[in-house]
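Inspection log for the structure reproduced underneath, given as structure tokens.
The values are calculated or read from the model by the stated rules, or taken from the named source; none is laboratory data. Everything numeric here is computed off the predicted structure, so don't read it as measured data. Because the Cβ atoms are built from the backbone with ideal geometry, glycine has one as well, and the counts that use them run over all protein chains shown. Heavy atoms of the whole protein, side chains included, go into the accessibility calculation; ligands, DNA and RNA do not. Shrake-Rupley method; radii C 1.70, N 1.55, O 1.52, S 1.80 Å.
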Amino acid sequence: MKTYDVRTHGCQMNVHDSERLAGLLETAGYVDLASIPESSRPEVADVVVFNTCAVRENASNKLYGNLGQLRPAKLANPDLQIAVGGCLAQNDRDAIVKRAPW
């Protein structure tokens, strides 16, 4: 069973887009990590998507903090897929790639 985790930081449009992303992942056969009972839930999903907003002040700080927290999981599992979407990703792509902790 492959799992996903969509994390939304930002505006209402991001919430809507995250719901659409979750639907697409489920159509592709992924299961929402949050829907798995804690006793059998893996620590990190197979796919982690950050849907971020450039307008909200703390969105970029949350993104970089979350990327840092995922570093050990990514190093332990190179197949872990991490995606960044939303308007922050569109405006700051080069900065995100440069600041990624791996």
Average Cα contact separation per residue, the chain, under 8 Å, 6 or more apart, as relative contact order %: 32 percent
Cα principal axis extents for the chain, largest first, Å: 36, 30, 21
Expected 222 nm ellipticity per residue - DSSP helices of 4 or more, -39500 (n - 2.57), all of the chain, to 500: -14000 deg cm²/dmol
Along the chain, longest interval not containing exposed GluC sites (Glu not before Pro), exposed being DSSP loop plus at most 10 other Cβ atoms within 10 Å: 58-102
Convex hull volume of the range 1-56 per residue (C-alpha atoms, cubic angstrom): 80 Å³
Sulfur and carbon atoms: percent of accessible area, the range 1-51 [1.4 Å]: 52 percent
